[in-house]
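As structure tokens, the structure follows; a few thoughts come after it.
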Amino acid sequence: MHSTPRIFAIAITLVLLLVLAVRVAAAELTTFAVNLTGERIEPARLEVPSATRVKLTLRNTSRGAVEFEGREVRVEKVLGPGAESFVVLPPLRPGTYRLFDEFHPDIPDMLVVAK
């Protein structure tokens, strides 16, 4: 009989934890669109918040494959012609990070500036 309040307290705690977990899971990452044309990466410069995970949605509008890569941020994604995908950048320290199309080394790099 004395265990009923304890079971009730445990149940309330579990419900609150579940609500919190759902809210955290529902929180969307800050997202930025990136377009790879085979001739350039757009935008050429992107400011993102530091110390926060950021999602980059990638779209290949070229007629060939592209490889979006950032060694410092440890992301890499190959996209076929017309393909779309995404990468998630880890929380970054303030600074500038270089991302590039490894299949097209002659095009300018994209600069991600974490502030």
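Each value in this text was obtained by applying a stated rule to the coordinates, not by laboratory testing. None of these values were measured; they are calculated from a predicted model. Cβ: placed from backbone, ideal geometry, glycine included. Neighbour counts: every protein chain shown.
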In degrees, nearest ten, helix 3-26 long axis to first principal axis of the chain (Cα): 10
Efficiency of FRET from Cβ geometry, T96 and R74, R₀ 22 Å, rounded to 0.05: 0.85
Contact order relative to length of the chain, as percent, for alpha carbon pairs under 8 angstrom and 6 or more apart: 26
I41, I12 arranged by Cβ crowding within 10 Å, fewest neighbours leading: I12, I41
Förster radius 30 Å - calculated FRET efficiency between L17 and A44, Cβ distance, rounded to 0.05: 0.10
Per-residue Cβ neighbour rank within 10 angstrom, fewest leading, L46, L111, L17: L17, L111, L46
For region 30-114, share of DSSP beta bridges that run antiparallel, in % to the nearest 5: 65
Stretchable slack from T31 to L111, in nm (0.36 nm times residue separation minus alpha-carbon distance): 27.2 nm
Correct choice for Cα extents along the principal axes in Å that was computed from the model, options (i) 60, 40, 22; (ii) 76, 31, 18; (iii) 47, 24, 21: (ii)
Residue with peak Gaussian network fluctuation, the chain [Cα springs, cutoff 10 Å], from T30, T13, T96: T13
